[in-house]
Amino acid sequence: MTKIVLITGGSRGIGAATARLLGAAGYDVAVNYAGNKAAAIAVAADIEAAGQRAIAVQADISDRDAVEALFQAVDRELGTLTHLVNNAGVIAQRGRFDELTQETIDTMIGVNVNGYIYPTLEAIKRMSTRYGGKGGAIVNISSGSAHRGSANNSVLYAMTKGAVNSMTIGLSQELAKEGIRVNTVAPGLVETDMPGPEELAKRAPALIMGRAGQADEIAHGVKYLLSDEASYTSGANLRIAGGTT
């Protein structure tokens with residue numbers, strides 16, 4: 001069976017590392033991006049150079065109509081989806097909870113919660129045996145902040161990742177007999193552009209291993225959970241954080 005994966009937020013960071021790793025492992029890859037077209041095209045080109053098919057598709061995943069169009073593009077250009085990585089996420093504002101703006105609230109819930117719901121709805125319709133599909137696997141990228149709470153930094157971000165964790169648990173049970181496995185990867189602090197250099201410099205030395213993680217280290221966890229090697233794994237939350245809680 002041809003393995004076809006869609007990665008939201010696949011043009012940078014963990015998403016880009018995962019896209020390249022899966023391409024090298026024999027997946028055809030749809031690289032979703034919000035605004036950085038050049039970066040997404042570069043990731044797709046690397047996958048094609050490895051011998052697999054790849055497309056870069058722009059879509060605002062907080063917009064249900066845009067997500068439906070995204071999946072239609074995957075159907076048309078690659079075929080029926082077999083794997084999904086819900087990866088895109090934002091921290092629109094750091095600081096105290098009572099200083100949140102309405103724009104921040106709408107953006108973070110839109111991308112970090114609705115942006116996981118809408119792609120998953122479309123994936124289920126294509127993977128589930130209930131709809132004539134052949135099964136598949138979904139990995140949701142969460143964060144250790146969901147159980148830490150991220151006080152004085154980003155409680156709202158932690159809340160959205162808590163929603164992701166609950167989604168994984170519920171759907172792993174709901175879809176188990178329909179051939180779909182659903183798991184979570186919860187990274188620790190990772191060297192991407194999301195925390196930024198100032199946050200990395202402040203927090204990394206205090207971590208258990210004395211350093212932040214690399215995007216590739218997270219990608220290998222995603223690859224495992226998508227693979228047949230994890231055929232009896234569903235509802236798991238894989239913490240990849242160098243021992244840091």
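Observations on the structure shown:
- Among the residues of this structure, SER145 does not count as one that is closer than 21 Å to ARG203 by Cα, free of Cβ contacts under 8 Å to residues at least 12 places away in the same chain and buried (at least 19 other Cβ atoms within 10 Å of the Cβ).
- The lone exception for GLY196 - which of (1) surrounded by fewer than 19 Cβ atoms within 10 Å (Cβ to Cβ); (2) of a type in the set (Gly, Ala, Ser); (3) in contact with a helix residue (DSSP H, G or I) (Cβ under 8 Å, 6 or more places away or on another chain); (4) under 24 Å from MET159 (Cβ atoms) it fails: (3)
- Sole exception among (1) within 19 Å of GLN72 (Cβ to Cβ); (2) more than 17 Å from the chain's Cα centre (by Cα); (3) part of a helix (DSSP H, G or I) for ALA40, by number: (2)
- Here GLU77 does not fit the description of being of a type in the set (D, E, K, R) and closer than 26 Å to SER172 by Cβ.
- Segment 27-68: number of residues that are farther than 15 Å from ALA17 by Cβ and among the hydrophobic types (A, V, I, L, M, F, W, C): 13
- The listed residues are LYS161, LYS177, LYS125, and the only one of them that is of a type in the set (Lys, Arg), out of contact with any Cys (no Cβ under 9 Å at 6 or more places or on another chain), under 22 Å from ILE7 (Cα atoms) and surrounded by fewer than 23 Cβ atoms within 10 Å (Cβ to Cβ) turns out to be LYS125.
- Here SER154, SER143 are screened, and the one residue that is within 24 Å of GLY35 (Cβ to Cβ), modelled with pLDDT under 95 and small (Gly, Ala, Ser) is SER154.
- Out of ALA186, ALA212, ALA230, ALA219, one residue alone is over 29 Å from THR82 (Cα atoms), of a type in the set (A, V, I, L, M, F, W, C) and either in contact (Cβ under 8 Å) with a residue 60 or more places away in the chain or touching a Lys or Arg at 6+ places or on another chain (Cβ under 9 Å) (or both). It is ALA212.
- If you go through segment 148-176 and keep only what is touching a residue at least 40 places away in the same chain (Cβ under 8 Å) and of a type outside the set (A, V, I, L, M, F, W, C), you end up with ARG148, ASN152, ASN153, SER154, TYR157, THR160, LYS161, ASN165, THR168, SER172, GLN173.
The values are calculated or read from the model by the stated rules, or taken from the named source; none is laboratory data. As the structure is a prediction and not an experimental result, all values here were calculated from the model. FYI the Cβ positions are ideal-geometry reconstructions off the backbone, even for glycines, and counts take in every protein chain you see.
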